[in-house]
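Reading through the structure tokens given below for one structure.
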Amino acid sequence: MTANVSSPAERRRHKIRARILSAAEHVFAREGADGLSIRKLAENIDYSPAAIYKYFKSKDELVDELKETFFELILENVHRIADQSTPFAARARDCVATYVRVATEKPHHYAAAFAGEAIADGPVENEPGFELSKKGAAFNVLRGMIEEGVEIGAFRSGIDPSLAAKSIWASMHGLAMMIVHIPSFPALKPAQETMSREDFILFHADQVVRGMEAHHG
């Protein structure tokens with residue numbers, strides 16, 4: 001059976017597309033959604049606007065691709081976490097912490113992921129195309145984790161998985177925004193003594209999961 005290897009032309013197309021997306025992230029990070037245009041992007045990577053239009057039909061399509069790229073990063077990480085051999089409590093905490101880590105490690109992707117949306121517009125199941133998007137898939141992984149916790153008795157039986165997932169998403173988003181916009185966070189002023197950023201992310205994840213846990217005995 002012959003392996004399905006992409007042709008040189010397909011590999012070149014993928015490379016150019018990735019270069020355009022990378023440049024778009026940086027333009028967006030510097031100048032926001034209003035500052036991102038196909039013409040400005042073309043100037044940044046020394047391409048003609050016509051060449052970019054071969055890969056993206058419009059600025060909106062380009063921004064949508066940037067959003068999907070961020071949630072694809074989230075999915076890559078949470079699928080790794082989903083290893084059933086790891087105890088549920090550890091997986092649940094890692095799932096929460098991973099979102100914040102990816103957001104803060106890839107701030108350009110993160111900024112693009114929520115471009116043009118209010119914070120409250122994050123995971124909305126009836127949003128057009130939501131269920132088929134990487135964003136929807138990431139949300140469903142979180143909701144599935146909560147459903148599993150309720151099923152095995154780790155979480156309280158009365159928890160609504162969808163509402164809980166939205167609440168957790170909001171808390172992760174809030175922490176990620178704090179870290180992205182306040183360089184010293186979790187310290188609120190320079191040189192203030194506090195735990196490390198990673199330790200604070202883990203502390204936050206622990207607090208979130210503890211808030212759903214069933215109390216036995």
Only one of Ile179, Ile159 is among the aliphatic types (A, V, I, L, M), over 18 Å from Val78 (Cβ atoms), open to solvent by less than 70 Å² (accessible area, probe 1.4 Å) and in a helix (DSSP H, G or I); which?
-> Ile179
From the residues in the range 195-217 that are at pLDDT 85 or above and outside any helix (DSSP H, G or I), which one is farthest from Thr98 (Cα to Cα)?
-> Ala214
Mind counting the residues in the range 127-156 that are part of a loop (DSSP other than H, G, I, E, B) and basic (Lys, Arg)?
-> 1
Given the conditions (1) within 20 Å of Ala113 (Cβ to Cβ); (2) aliphatic (A, V, I, L, M); (3) open to solvent by 80 Å² or more (accessible area, probe 1.4 Å), report the number of the one that Met172 does not fulfil.
-> (3)
Selection from the range 90-126 of residues assigned to a helix (DSSP H, G or I), of a type in the set (Val, Ile, Thr) and at pLDDT below 80 yields Ile119
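Just to be sure before I move on: is Asp46 modelled with pLDDT under 85 and open to solvent by 50 Å² or more (accessible area, probe 1.4 Å) in the structure I sent?
no
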So which residues in the range 182-213 are within 19 Å of Phe88 (Cβ to Cβ) and either open to solvent by 30 Å² or more (accessible area, probe 1.4 Å) or touching a strand residue (DSSP E or B) at 6+ places or on another chain (Cβ under 8 Å) (or both), if there are any at all?
-> Leu202, His204, Asp206, Gln207, Arg210, Gly211, Met212, Glu213
Out of the residues in the range 8-36 that are small (Gly, Ala, Ser) and within 16 Å of Lys67 (Cα to Cα), which is least open to solvent (accessible area, probe 1.4 Å)?
-> Ala24
Please work out if Ala42 is in contact with a helix residue (DSSP H, G or I) (Cβ under 6 Å, 6 or more places away or on another chain), more than 24 Å from Phe114 (Cβ to Cβ) and assigned to a helix (DSSP H, G or I).
-> yes
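The values are calculated or read from the model by the stated rules, or taken from the named source; none is laboratory data. This one's a predicted model, so the numbers in the text were calculated from it and none came from an experiment. Cβ sites come from the backbone with ideal geometry, for glycine too, and all protein chains shown count toward neighbours. To get the accessible areas, we keep the full protein, side chains included, count just its heavy atoms, and leave off ligands, DNA and RNA. Shrake-Rupley method; radii C 1.70, N 1.55, O 1.52, S 1.80 Å.
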